Amino acid sequence: MLKLLLEGGRLTTAQMAQVAGIAEAEVVQYLEQLKKDKIFLGWRPVLDLSREAAAEAAVEAIIEVRVTPEREGGFNRLAERISRFDEVHTCMLVSGGYDLLVIVRGKSLQKVAAFVSEKLSTFEGILSTATHFLLRCYKDQGFMLESEESTSSRLNVAP
Amino acid sequence: MQANPHKWVAGHVSTLPKSGIRDFFELVAKMKGDEVISLGVGEPDFTTPWHIREHAIYALEKGKTYYTSNLGMPELRKGISSYVSANFGIDYRYDDQVIVTVGVSEALDLAFRAFVNPGDKVMYHQPCYVSYHPSIQLAHGEAIAVPTYAKDNFALTAEALEAAWQPGAKILMLNLPCNPTGGTCSKEQLDKIAKFTCDKDLLVLSDEIYSELTFEGVHTSIASLPGMAERTIFLHGFSKAFAMTGWRIGYACGPAVLIDAMMKVHQYAMMCASIIAQEGALEALRNGADAVAKMREQYHRRRDLVVRRFNEIGLGCHSPRGSFYAFPRVSDVGMNAKAFSVGLLQQEKVAVVPGTAFGPGGTGHMRACFATSYEKLIDACDRMERFVERSRS
Ligand SMILES: Cc1ncc(COP(=O)(O)O)c(C=O)c1O
């Protein structure tokens, strides 16, 4: 079932039940268990918003954050504080030239910039930030965006 | 004098029947504009893994646009030799026991043309891939069909071979796992078949194009059995396992004398396989194993889904151990192969291939290819269920 979820298909629970050859109730129960075990945290659609003119304008920035680790707790306390902001979509600790990689979303450039300058960079322990505004996304969570590829050239009947 | 083009067509070609698949293809083509779900294909729904395509693009950029050696690029032949050794346990020298061909299709044609004298008898099991019988006929051979049966899950048995054997039989054509039935042989049966070919001194042509798509247990090649490599031509390709049907690339391995004979035909008829396809194939062998395993896993789940649904619908269907074809019995719901396929297409817009396209042994069956998305398979099965219920009432 995990594999089916990870294949990233658009299967409904009824369809998953068909594929796995079990009752739909069992699928639902299994998903509930995954939720209880904090393995399955929720559904999220992967949307290609560039295709939807009416979609709310959204600006995304990828921010490299350098921090001073604390004597007890290292990076965790600060990382968790940052993560709690609604504007923060993703926050992760990475190796290399900086420590935290933070993805921030906002309605406008100004809003995102304000969040960075007024909130993020003022935290005690933050040494520096480098903000990269996202210009275009080509692949998101395994899905190619605006890709022309298709199997429509496959014949309908072949030996 | 008025030209009569018919008289210029060679006799053995004009009498060659058109493929039953072709008829059905025309019928489906007429349904254009409608939402047809096709389970009628014989190829993966996956596009060739990107790393293979990217490698071929790179090769083109580097100017790889020339003929290659007749046998195929030495690097590729080395790759094939190690792949076959690692996966099938058969050792072939890359320099004189491997030939790269334009698909298994060309390899088959080369073999028949290189080994069949007019009138030579070639045994093959049936139902089978549509090309075997006509290819034998084109080489002026005489085809002897050996039936396989639904009760054995379409596994070929040594007993059936014994029964069909005729004096003068020279070649045995094998296809395991089998298109269209998904039939395979147990190791025990394969041993018996090997013994049979030794007793009768037959040359074996073994088309193992679906071998990577074996879902239970391991695939055993007849060429890997003791004493068999010297009387077997091992035919394999990239079309199915690596999702590379349109590249047209395959190969044959066997005793040097036999590969050399095939090579003679190949060098005059084809010169060499496309260099770009050869480059793609090389990359497939080097880095394609993960993609093959992933695709196999999906085919496996899809197989379980359609086999279960077919049986629920009332179409008796064994679980094919290999390939991406299910071969259910439509006679279970009181229809013949043609009526079922045509009715299903016209009423519910699902295309399958009538079993009779694969020889008389396919009577009462249809072939459904499950190399299609879960959503489409579920939808197709639901449509089929409606069709069967309607035709029953
Ligand atoms: C049993 C069998 N052999 C050979 C082929 C042809 O393969 P290729 O694409 O390598 O020519 C097919 C294709 O459908 C097949 O099913």
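The values are calculated or read from the model by the stated rules, or taken from the named source; none is laboratory data. Note that the structure is a prediction, hence the values are computed from the model and not measured. Cβ coordinates were reconstructed from backbone atoms using ideal geometry, including for glycine residues, and neighbour counts include every protein chain displayed. Just so you know, the surface numbers come from the protein's heavy atoms only, side chains and all, with ligands and any DNA or RNA stripped out. Shrake-Rupley method; radii C 1.70, N 1.55, O 1.52, S 1.80 Å.
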Inset, instruction - Keeping all protein chains in place, calculate the accessible area per residue for the stretch A:10-159 (probe 1.4 angstrom), answer in Å². - result: 70 Å²
Inset, instruction - Give me the percent of the accessible area of chain B that comes from carbon and sulfur atoms, probe 1.4 Å, all protein chains in place. - result: 53 percent
Inset, instruction - Per residue of the stretch B:107-120, in order, report the coupling 6.51 cos²θ - 1.76 cosθ + 1.60 (Karplus, θ = phi - 60°) as ³J(HN,Hα) in whole Hz, putting x for Gly and Pro. - result: 4, 4, 4, 4, 4, 5, 5, 7, 10, 9, 8, x, x, 4
Legend entry - Restraint check, A:Lys3/A:Lys107; A:Lys3/B:Lys338; B:Lys30/B:Lys64; B:Lys62/B:Lys240; B:Lys240/B:Lys264; A:Lys3/B:Lys187, Cα-Cα greater than 30 Å: A:Lys3/A:Lys107; A:Lys3/B:Lys338; B:Lys30/B:Lys64; A:Lys3/B:Lys187
Inset, instruction - Leaving ligands, DNA and RNA out of it, work out the accessible area of B:Ile90 with a 1.4 Å probe and give it in Å² to the nearest 10. - result: 10 Å²
Inset, instruction - Go through the stretch A:1-108 and name the chymotrypsin sites (Phe, Trp or Tyr not before Pro) that are in a DSSP coil and have 13 or fewer other Cβ atoms within 10 Å of their Cβ. - result: A:Trp43
Inset, instruction - Go through B:Ile276, B:Ile144 and list them by solvent-accessible area, largest first, probe radius 1.4 Å. - result: B:Ile276, B:Ile144
Legend entry - Reach of A:Lys119 by Cα under 18 Å, taken over aspartates and glutamates that are not fewer than 8 positions away in the same chain: A:Glu60, A:Glu64, A:Glu80, A:Asp86, A:Glu87, A:Asp99
Inset, instruction - Could you state how much accessible area A:Leu78 has, in square angstrom rounded to the nearest 10, with a 1.4 Å probe and all protein chains kept in place? - result: 10 Å²
Inset, instruction - On the full set of protein chains, 1.4 Å probe, figure out the accessible area of A:Lys119 and give it in Å² to the nearest 10. - result: 90 Å²
Inset, instruction - Taking 7 Å along the Cα-to-C-beta vector as the label spot, tell me the B:Lys195-B:Lys376 distance in nanometres, rounded to one decimal. - result: 4.5 nm
Inset, instruction - Could you please put B:Ser341, B:Ser331, A:Ser108 in sequence from largest to smallest accessible area, using a 1.4 Å probe? - result: B:Ser331, A:Ser108, B:Ser341
Legend entry - Distance between the stretch B:79-120 and the stretch B:239-306 - C-alpha centres, whole angstrom: 11 Å
Inset, instruction - From largest accessible area down, sort B:Arg93, B:Arg77; use a 1.4 Å probe on the protein chains. - result: B:Arg93, B:Arg77
Inset, instruction - Mind listing the long-range amide H neighbours of B:Ile144? Cut-off is under 5 Å, sequence gap 5 or more, other chains count too, H placed in the peptide plane at 1.01 Å from N. - result: B:Val122, B:Met123, B:Tyr124
Legend entry - Estimated buried accessible area (total), pair B and A, 1.4 Å, Å² to nearest 100: 2200 Å²
Inset, instruction - Would you mind getting me the FRET efficiency between B:Trp8 and A:Asn76? Use the beta-carbon distance for r and R0 = 60 Å, nearest 0.05. - result: 0.10
Inset, instruction - Return the long-range amide H neighbours of B:Ser38 (sequence gap of 5 or more, or a different chain), with a cut-off of under 5 Å between placed amide H atoms. - result: B:Ala351
Legend entry - Estimated FRET transfer efficiency when R0 is 22 angstrom, pair B:Val218-B:Asp23 (beta carbons, to 0.05): 0.05
Inset, instruction - Work out the length of the dipole vector of chain A about its Cα centre, built from +1 on the beta-carbon of each Lys and Arg and -1 on the beta-carbon of each Asp and Glu, and round it to the nearest 20 debye. - result: 120 debye
Legend entry - Global geometry of chain B, whether rounded, prolate or oblate, following the gyration tensor of its Cα atoms and the 1.5 cut on a/c: rounded
